[in-house]
1. Would you pull out the residues with amide H under 5 Å of S196's amide H, same chain only if 5 or more places away, H placed 1.01 Å from N?
2. Accessible area, 1.4 Å probe, largest first: how do F335, F172 sort?
3. In straight Cα distance, which aspartates and glutamates are under 13 Å from K130, not counting same-chain residues fewer than 8 positions off?
4. With contacts defined as alpha carbon pairs under 8 Å and 6 or more residues apart, what's the relative contact order of the stretch 68-173 in percent?
5. Please list 3J(HN,Hα) in residue order for the stretch 266-280, calculated via the Karplus relation 6.51 cos²θ - 1.76 cosθ + 1.60 where θ = phi - 60°; whole Hz, with x for glycine and proline.
6. Distance from the Cα centre of the stretch 143-177 to that of the stretch 213-246, in angstrom?
7. Write out the trypsin sites (Lys or Arg not before Pro) in the stretch 119-208 meeting two conditions: DSSP loop, and at most 12 other Cβ atoms within 10 Å of their Cβ.
8. For the chain, what relative contact order do you get, as a whole percent, if you take Cα pairs closer than 8 Å and at least 6 residues apart?
Amino acid sequence: MPECETPLWPCAMTGAAACLAGFEGISVVIHGSSGCYYYPATLLHAPLHGTFILENEVIFGSGDRLCEVIGELSGRGGRIAVITTCVPSVLGEDIRSMLAGTDVILVDSPGFSGELEAGYQAALAVLAPKTDPERSGVNIDGVSLSDPFFEGNIQEVTRLLHRAGIPVGTVFCRDRSGMEGLAAPLTIGTNDDFASGVGKYLGGTLGIPALRTTCEKLVTMCEGADMDPVLAELDTQEERVTHACDKFLRRYDPPGVAVFAGAAYALFAADTLKRYLDAEILTVGTRNTPPAQPAVQYPLEKVTGLEQVSRKIDEVSPDLVIGSSFERSLSDRAFVGIIPPLRGQVRLSHPPIAGTGGTLHFVESVLNACMDKQK
């Protein structure tokens, strides 16, 4: 299958793990080989469990091994979730029958069933989240453990909601097990690629313009909310961004930019750089399926192979590349990483991409990267 050559984006199995492992109190079992375990364990930095099936289980069946692992976990409290991988799915094993009579959550999400986002949605559908009409606050949506900025996004959006006097509802998906069934009726997002569909969606928080629009909706929907402090912060911080970019443009030309990321982050990066830096967006390559009609038209296509990325960079010859360590390995141009993997770095803090802090962090990273390249 040519479309699977040197894939850059995680598969559905990893997406399901990212969803389920985000809920405290769920023990996630990857039912498959060691490789199928170690990839999400390394990417998500979450305490996963594996069956580590070998040739013997492939030939004679993996049921006994799966039941053994579940038995070891059953006395620890909390719920257990099993995610199937390619091998048991191809073998056609009836995992559901093996787990009959147990309270184990089963998500059939082998890698060949789709991309990261598809597995995330499959796991969320099995959890069957619900809203509680009596629950106050606003849910934070679009959180995935696969996103290197998820912790920062949660902290930033929580901060903004608290400034407005709005409590946080359920965080999808980074909360306690059971909270998915007690979600608030209203939701705002941090990354539309991982939208849960739970509650009435009031808008996103990627970029100051989008955040301003979302705040205006929160004023009308949340009784007692005071958005004035947040709106004033948006104005102040946007002035800082504009001033920093204007200062850069007095010394340097606007950069030509190639962006490679998930669709939501890719369009945020393109919109932000066009708005504040007058950047020429030469190409936007999305890891996942892009929206049919993005708000701003850029040269936009799905790019999933390393060879495709290399060819695109050579074609457009950008001054700045936005993407992952894969893109960084292909050129010596100015680079800013916004999607995994981000290798060769020590990451201890939790910078956001969402909210005002996210725009500040992203723009300062771009300006510093471009100025460093000019030296």
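1. Correct list: G142.
2. Working: F335 35, F172 0 Å².
Accessible-area ranking of F335, F172, largest first: F335, F172.
3. Counting by Cα, and skipping residues close in sequence, K130 has these aspartates and glutamates nearby: E180.
4. RCO, the stretch 68-173: 22 percent.
5. Karplus values, whole Hz, x for Gly and Pro: 5, 6, 4, 4, 5, 4, 5, 6, 5, 5, 9, 10, 6, 5, 8.
6. 18 Å
7. K130
8. On the way: 740 pairs, mean separation 60.4, N = 375.
Here the relative contact order equals 16 percent.
The values are calculated or read from the model by the stated rules, or taken from the named source; none is laboratory data. A quick note: this is a predicted structure, and the numbers were derived from the prediction, not measured. Note: ideal-geometry Cβ built from the backbone for every residue, glycine included; neighbour counts use all protein chains shown. The accessibility values were calculated without ligands, DNA or RNA, using every heavy atom of the protein model including side chains. Shrake-Rupley method; radii C 1.70, N 1.55, O 1.52, S 1.80 Å.
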